[in-house]
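Down below is the structure, laid out as structure tokens.
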Amino acid sequence: MLLMGAIVWFTMPALMVIQHKSPRDYQATVTALQQAIAAKQDWKAPAISDFQKTINEAGHGPIDKVGSIALCNPRYASRILADPKNRKVTAFMPLAIGVYEDGKGQVYVSQLDVGLMGMMFGETIAEVMGVAGKDLSAVIATAVGK
């Protein structure tokens, strides 16, 4: 049992976060993601966070370019949130896509495997997050050319 626990503990981060290399520079990647989100039915990007700017302005930088794009699908969200027992998942709503540049100038896009996460909750959450995860992967594939 301890061995199984250790395996799960060490493999979960690799399973939960998916990283993609972008062929574009940082700003072009952010723009491509915004366009892909806008083109996907019912998806919205309500906020873009520039962590580099925030951290540098607070005097804790400098750091490489790093940020995230919040995205949501009100149709999917309403299906989950209609049931009060599902509202605990608001802790990770809206979803987000990370965008960051390493010290060598390579840009990456990261996503949470929301389909896998949804399975842990079951029922409506699993169903909706499974579909949302496929949409999220399609958005990223469009933006990074995969």
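The figures follow:
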quantity: Matching option when the condition is over 23 Å from A36 (Cβ atoms) and of a type in the set (F, W, Y), among F92, F121; calculated: F121
quantity: Enumerated strands (runs of 3 or more DSSP E) restricted to region 43-130, each holding at least 1 residues that are in contact with a Gly (Cβ under 6 Å, 6 or more places away or on another chain), small (G, A, S) and surrounded by 16 or more Cβ atoms within 10 Å (Cβ to Cβ); calculated: 66-72
quantity: Top-ranked residue in region 26-42 [being surrounded by fewer than 18 Cβ atoms within 10 Å (Cβ to Cβ) and either among the polar types (S, T, N, Q) or in contact with a Leu (Cβ under 6 Å, 6 or more places away or on another chain) (or both); ranked as farthest from Q111 (Cα to Cα)]; calculated: Q41
quantity: Criterion (modelled with pLDDT under 95 and either out of contact with any helix residue (DSSP H, G or I) (no Cβ under 6 Å at 6 or more places or on another chain) or not aliphatic (A, V, I, L, M) (or both)) met by exactly one of G103, G67; calculated: G103
quantity: Filter pass, E123 being more than 17 Å from the chain's Cα centre (by Cα) and on the phi > 0 side of the Ramachandran plot; calculated: yes
quantity: Matching residues, region 12-25, being in contact with a Leu (Cβ under 7 Å, 6 or more places away or on another chain) and part of a helix (DSSP H, G or I); calculated: L15, M16
quantity: Flag for V89 being of a type in the set (V, I, T) and either modelled with pLDDT of 95 or more or touching a strand residue (DSSP E or B) at 6+ places or on another chain (Cβ under 9 Å) (or both); calculated: no
quantity: Filtered residues of region 16-25 (kept if surrounded by fewer than 14 Cβ atoms within 10 Å (Cβ to Cβ) and either more than 20 Å from V139 (Cβ to Cβ) or among the β-branched types (V, I, T) (or both)); calculated: V17
quantity: Residues of region 131-146 classified as of a type in the set (A, V, I, L, M), within 13 Å of A32 (Cα to Cα) and either touching a helix residue (DSSP H, G or I) at 6+ places or on another chain (Cβ under 6 Å) or surrounded by 19 or more Cβ atoms within 10 Å (Cβ to Cβ) (or both), total; calculated: 4
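The values are calculated or read from the model by the stated rules, or taken from the named source; none is laboratory data. Everything quoted here is computed from the prediction, not taken from an experiment. Note that we place each Cβ from the backbone using ideal geometry, even for glycine, and neighbour counts take in every protein chain shown.
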